[in-house]
1. Considering only the range 188-201, I want to know if a residue exists there that is modelled with pLDDT under 95, over 30 Å from SER35 (Cα atoms), among the hydroxyl-bearing types (Ser, Thr, Tyr) and touching a Cys at 6+ places or on another chain (Cβ under 7 Å).
2. Of the residues VAL247, VAL240, which single one is surrounded by fewer than 22 Cβ atoms within 10 Å (Cβ to Cβ), modelled with pLDDT of 95 or more, farther than 18 Å from VAL213 by Cβ and not assigned by TED's automatic domain parsing to the domain that holds PRO8?
3. What about ALA63, is it modelled with pLDDT of 60 or more, part of a helix (DSSP H, G or I) and surrounded by 15 or more Cβ atoms within 10 Å (Cβ to Cβ)?
4. Select from the range 255-284 the residues that are in a strand (DSSP E or B) and either among the hydrophobic types (A, V, I, L, M, F, W, C) or assigned by TED's automatic domain parsing to the domain that holds SER35 (or both) and list them in ascending order.
Amino acid sequence: MDPSDAVPIDELWEERRFLLDVAHWMLGDPGAARSVVDEAYHRWYGLPDAVRRQVTVPRSWLAKTVGGICLDRLARPGRGLAGHEEGHEEGHGAQPSEVEEEAGRVVLNALESLSTAERAAFVFRAFGMAPATVADIVGRTEPELAELAARARQWLELRRTRSTTPQQHDLVAHAVRRACVTEDQELLTSLLCSDATAFFDGGGKVRALTGPVHGCRPVADSLLTLLARSPHTTLSTHSVNGRTGLVARYGREVAAVISLDVSDDRVAQVWVMLNPDKLRSWNHRPA
């Protein structure tokens, strides 16, 4: 994935808010507006890469698409908004995202200390793969998979604790934040493993990178672009999955949650959550 395709957080959120306003104005229903905007982004990602790169102003393309979807719904009231949303969600759930597929491959290759079944079970737990699907792959029952996943998680947590202490992890996380806030590319690159990988999960609902970024320099470039300095964007350290990570806010809303996998005082993997649906819990936490 080319890090030059990354988009700053403020642009991502302003774009989605604008599209929601357009859809809400046309349909008068916030739930229907979200469904329409999600469908517009689904169509955007459905374009061939070559075609998508030819769109000089993605926001205009998306706005026209949102308008077209709204007009289509208004012209065919018999279809029903709720039924359309249910079918739309079902279609999205049927296919795993490129991020999930790539993340599964990376983890399975990296966790050589686990058996094949344990690795598969761990991926199932970590990335939300359907239990029945994993059971078919490894030839185990679902209860056996749950036991394998728990055992793998305990072993991996033990290894991670041994390889990087919480204090070391905190130092690296704070250094990464400092590098991002000061836009120090050299410092950020030096904090990453040479073969570092970054995953960006936008859920198809913001114009985030659709595939993983490999290599310390490309990862640094993609993060600095995403977290570009803006009057409305702030970056702070926060506990993420039990370890110090980063939280980016646009105004008062959490716009991105970033977890870091640290090995030997360097960041090996970066996980960037941008999906508005998965960030709802962060935006409803008490201050």
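The values are calculated or read from the model by the stated rules, or taken from the named source; none is laboratory data. Only a predicted model underlies this, so the values are computations on that prediction, with no experimental measurement involved. All Cβ positions, glycine included, derive from the backbone under ideal geometry; neighbour counts span all protein chains shown.
1. yes
2. On the way: VAL240 fails: modelled with pLDDT of 95 or more.
One residue alone meets the criteria, VAL247.
3. Values: modelled with pLDDT of 60 or more: yes; part of a helix (DSSP H, G or I): yes; surrounded by 15 or more Cβ atoms within 10 Å (Cβ to Cβ): yes.
Answer is yes for this residue.
4. Just the residues of the range 255-284 that are in a strand (DSSP E or B), to begin with: 255-263, 266-273.
Selection gives ALA255, ALA256, VAL257, ILE258, LEU260, VAL262, VAL267, ALA268, VAL270, TRP271, VAL272, MET273.
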